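Working notes, beginning with the structure itself.
No value in this document is a laboratory result; all are computed from the given coordinates. Keep in mind it's a predicted model, so treat the numbers as computed, not measured. As a convention, Cβ positions derive from the backbone with ideal geometry for all residues, glycine included, and neighbour counts pool all protein chains shown.
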2 protein chains.
Amino acid sequence: MSPVIAFVGLGHMGAPMAANLVKAGYRVVGHDLVPDAVDAAVAAGVEAAPSAVAAAADADIVLTMLPAGRHVRALYQDAGLLAAARPGTLFVDCSTIDVADARAAHQAAVAAGHLAVDAPVSGGVMGAEAGTLTFMVGGDEAAFARAEPLLAAMGKKAVHCGAAGAGQAAKICNNMILGVSMIAVSEAFVLGESLGLSHQALYDVASTASGQCWALSVNCPVPGPVPGSPANRDYRPGFAAPLMAKDLGLAANAVRAGGVDAELGLRAAALYAAFAEGAGAGEDFSGIVRAIRERSGQQPADHHQAADDQQPLDDQKDQPS
Amino acid sequence: MSPVIAFVGLGHMGAPMAANLVKAGYRVVGHDLVPDAVDAAVAAGVEAAPSAVAAAADADIVLTMLPAGRHVRALYQDAGLLAAARPGTLFVDCSTIDVADARAAHQAAVAAGHLAVDAPVSGGVMGAEAGTLTFMVGGDEAAFARAEPLLAAMGKKAVHCGAAGAGQAAKICNNMILGVSMIAVSEAFVLGESLGLSHQALYDVASTASGQCWALSVNCPVPGPVPGSPANRDYRPGFAAPLMAKDLGLAANAVRAGGVDAELGLRAAALYAAFAEGAGAGEDFSGIVRAIRERSGQQPADHHQAADDQQPLDDQKDQPS
């Protein structure tokens, strides 16, 4: 008999994930503080529970998809989710939260006689809808094994990264690399513009050389070289800048807590935080190239002109210096 | 009839490049200030010229491979190379130098009635010996077309990046991305260590996700995940840290000259400069992970232990914080 799933947090990510569990044949009992979110989930086949505790009481697996660590801990402990659940319930937290919070939540779940994994995702709303998320999972082998079929119904890959908290750790480490490398690529494009180097020429060199990275080859921050990248639709996300700012904020917390000398990671966190509060509020994180260009006093480049531009570089000496 | 090549600068890079030209059937007349370098080149079939000017006087193509822009400009102008060469000689500068110096050298060559390209390389000494260099070329179409067969004899690829200076621009932009992304990857590994995340787990996640980059997938700065990376031979280069420091110094010059807001690029330049003057003097640039780990107050990780370590993270709370 298929396990019963309590699903708490039916937002932009949670709703399509819960819907995919229903499609896979699970009985899903859901809860969200926002009534409209519950209504939408019910339309997709989720049963509405009067509260998160009520949902958890009859479930075999409790899945949470919440904004921050404080929500997970409040729900697990203060709201009484761990106490209400039958001993041996599997708690799967798919939220992206502080590593320290993930560990504390895990510990509390185990102390209450349950199993637990942290299983943050990558792939965004589109991946949640398409069922192609990647899960980075922390927890012991038994908990991971029990979570796997559930994760397979919502995603295309689940990587067991180690013990409790390792899923969160892997996610913030990956996103720290991503955030920094996107700024590096953006700085290089703006430097290239100042030197009269076309976007296409830099792309052609770097994407087949040692500058190759996902930020360049897949999510290229200037329009032209990679037709599918957000830059070609005026930086509509994609991976929204506020989410990158959130993830790098979590990375910065871990950097400071561990006394790690991650100077570029910290600077990137500050740069995305500022960008997300300003022009980047509704943009893909790769839009940070425009902030860098603006601070450099350069005009927006017309990529078609730039790509065809074979003027001698000396014609460009009237650029800002 | 095959053109006669004057080759000035027969060092670690120049010597094997000249030897490959000889193998391809070119008559190569070489010069270097270091007698031993000349002797070695002669043993490889290069004819020794009494001076750079004498070599250039009878050549169809003058190729230079020198440490810095001042050497190229001094040779072209003060030493009289441009004046000594027959009008219409092609000047190919393979040195990695300042974009501004490259433009000035190009202008001087053209003013003297010659053709010129800047054609810095990537691939290092091993690429020079194997004839597998990549050339990034700046200059007009006619000059590029004339240089192409020559470059094909020394490398596997020549990318025409645009007008004069564009080859240098592409190289420093690529290497700025590379230098920053290597630090990002290194910071992420050290952060992961502080969180009890194994090197292998982070590699498995990031190399197949949005953190993927050449610095991780090919030149992985920790031993284990990528067997061929310099980390597995105690950071023997590879791409030596002092060369990365030199290239990022050139990038920083261009950043400042152009008023570009490339904050991470400038910080990376400073970090590699310090590393290259200290522990990194004889190391691959990826050795910077050890400097970051040391500044973080962490012990060197035993990657085999780390990879197998599935201890609960809470057991690691006695790590430095």
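The residues neighbouring residue B:237, those whose beta-carbon lies less than 9 Å from its own, together hold a net charge of -1 under the Lys/Arg +1, Asp/Glu -1 convention. Every Cα-Cα pair in region B:4-163 was counted, and those over 19 Å apart are 46% of them.
Remark on residue A:284: its backbone amide H falls under 5 Å from those of A:236, A:241, a criterion applied only to residues 5 or more positions apart or on other chains, H modelled at 1.01 Å from N.
Look at the stretch B:249-258: the mean tally of other chain Cβ atoms within 10 Å of its residues' Cβ atoms is 3. For residue B:48, the residues whose amide H sits under 5 Å from its own are B:30, ignoring neighbours fewer than 5 places away on the same chain, with H placed 1.01 Å from N. Mean sequence separation of contacting Cα pairs (under 8 Å, at least six apart), scaled by the length of chain A, corresponds to a relative contact order of 12 percent. Considering only A:187, A:263, A:47, the mean-square fluctuation computed in a Gaussian network model of chain A, springs between alpha carbons under 10 angstrom, is largest for A:263. Add +1 for every Lys or Arg and -1 for every Asp or Glu among the other residues with Cβ under 12 Å from the Cβ of residue A:41, and state the total. Residues close to residue A:41 contribute a combined charge of -4. Neighbouring Cβ atoms from other chains, within 10 Å of the Cβ of residues in A:285-298, number 2 on average. In 5 Å bins starting at 0, how do the alpha-carbon pair distances of region A:169-309 split up by percent? Bin by bin from 0 Å, the calculated values are 2, 11, 20, 23, 20, 13, 7, 3, 1, 0.
Close amide H contacts of residue A:27 (hydrogens built in the peptide plane, cut-off under 5 Å, sequence separation of 5 or more or a different chain): A:5. In order along region A:193-207, the Karplus-derived 3J(HN,Hα) couplings, from 6.51 cos²θ - 1.76 cosθ + 1.60 at θ = phi - 60°, round to 4, 5, 9, x, 8, 6, 4, 5, 5, 5, 4, 4, 6, 6, 6 Hz, and Gly and Pro are given as x.
Residue-wise HN-Hα couplings along region A:80-85, as the Karplus relation 6.51 cos²θ - 1.76 cosθ + 1.60 with θ = phi - 60° gives them from phi, are x, 5, 5, 5, 6, 6 Hz; Gly and Pro carry x. Listed by chain and number, the lysines placed with their C-alpha closer than 17 angstrom to that of residue B:23 are B:156; residues fewer than eight positions away on the same chain are left out. With the convex hull constructed from alpha-carbon coordinates only, the protein assembly as shown shows a mean projected area of 29.0 nm² over all directions.
Closest approach of a chain A Cβ to the axis relating A and B (residue, whole Å): A:213, 2.
Distances between copies at residue B:43, taken between label points 7 Å from Cα along the C-beta direction, are 8.0 nm in increasing order.
In order along region A:219-231, phi translates into HN-Hα couplings of 10, 2, x, 10, x, x, x, 10, x, x, 6, x, 4 Hz, rounded to whole numbers, per the Karplus curve 6.51 cos²θ - 1.76 cosθ + 1.60 with θ = phi - 60° and x for Gly and Pro. Sorted shortest first, the distances from the residue B:149 label point to those of the same residue in the other copies are 7.0 nm; each point sits 7 Å from Cα along Cα-to-Cβ. For residue B:2, the distances from its label point to the matching points in the remaining copies are 7.3 nm, ordered from shortest, with each point set 7 Å beyond Cα toward Cβ. Isolated cysteines in chain A, defined as those with no second cysteine Cβ under 4.7 Å, comprise A:94, A:161, A:173, A:220. Electrostatic tally near residue B:168: other residues with Cβ closer than 13 Å to its Cβ, Lys and Arg +1, Asp and Glu -1, net -2. If you bin all the Cα-Cα distances of chain A at 10 Å, starting from zero, the percentages per bin are 6, 25, 29, 20, 12, 6, 2, 0.
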